[in-house]
1. Taking all protein chains as present, what is the carbon and sulfur share of the accessible area of the chain, in % to the nearest whole number, probe 1.4 Å?
2. Under a 1.4 Å probe, what is the accessible area of the chain per residue, stated in Å²?
3. Which residue, Arg158, Arg25, Arg128, has the most motion in a Gaussian network model of the chain that connects Cα atoms within less than 10 Å?
4. Treating the beta-carbon of each Lys and Arg as +1 and of each Asp and Glu as -1, no other charges, what is the dipole magnitude of segment 1-69 about its Cα centre, to the nearest 20 debye?
5. So, in nm, how far is label Thr163 from label Phe58 when the simple model puts each one 7 Å beyond its Cα toward the Cβ?
6. What FRET efficiency, computed as 1/(1 + (r/R0)^6) with R0 = 41 Å and r the Cβ-Cβ distance, is obtained for Lys8 and Ile152, rounded to the nearest 0.05?
7. Using DSSP loop states and a limit of at most 10 other Cβ atoms within 10 Å to flag GluC sites (Glu not before Pro), what is the longest stretch of the chain containing no flagged site?
8. I need to check one value: relative contact order of the chain, counting alpha carbon pairs closer than 8 Å and at least 6 residues apart, in percent.
Amino acid sequence: MKDAYLIKQKADILDIVSDYTDLERMPDGKYRGCCPIHNGDNKTQFIVNAEKQDFFCFSCNASGSIIDFVMLIDKVDYHDAIFKLSEKYNIKLSNDYYDSQERFFGLEQQLNKYVNKLPIVKDYLIKRGFTEEIIAKIKFGADDNSNLIIPIFDEYGRVISFTKRTFGTG
């Protein structure tokens with residue numbers, strides 16, 4: 001993704017990491033400090049390499065680029081980390097980034113339409129042993145043809161797809 005490449009070229013990992021922990025320059029040019037990811041208290045465990053623009057923690061084994069750091073420290077997904085860094089460094093993102101975000105938004109809107117039609121299949125789900133709490137948590141829905149709609153989520157809780165099941169009365 002060219003957006004990630006641009007961010008890695010323009011953003012400074014020292015600038016970002018310094019917002020979360022004090023860093024001390026070592027003789028070899030690297031920086032060390034307490035790991036802000038697991039709230040470590042040992043200044044020798046967390047290393048930032050400004051030349052390579054990466055980090056590593058010897059205690060929790062967290063490592064990676066500036067994007068990985070933002071994902072871990074702010075508990076956000078890849079796209080949100082890209083967006084946050086682009087805002088901070090005034091980097092214009094490509095249409096590819098926005099297209100992928102619009103896709104997720106469109107799927108969320110579609111899920112809401114299906115959930116609004118839930119009464120069509122709710123009795124069926126309850127007869128099959130699902131509680132109202134589980135039905136709400138899974139976000140079951142229905143389409144115009146009275147098919148049961150089951151959303152599929154990614155690891156960040158975003159809808160990425162749907163599966164349909166035709167159901168009967170028993």
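1. For the chain, the apolar C and S fraction of the accessible surface comes to 48 percent.
2. Counting only protein heavy atoms, the per-residue value for the chain is 62 Å².
3. Arg128
4. Its charge dipole is roughly 180 debye.
5. So the two model labels end up 4.7 nm from each other.
6. Values: r = 31 Å, r/R0 = 0.76.
Efficiency for this residue pair is about 0.85.
7. Result, exposed sites excluded: 52-154.
8. 14 percent
The values are calculated or read from the model by the stated rules, or taken from the named source; none is laboratory data. Worth saying up front: this structure is predicted, and the values here are computed from it rather than measured. Backbone-built Cβ (ideal geometry, glycine too); neighbour counts: all protein chains shown. We work out accessible area using only protein heavy atoms, side chains counted, and drop any ligands, DNA or RNA first. Shrake-Rupley method; radii C 1.70, N 1.55, O 1.52, S 1.80 Å.
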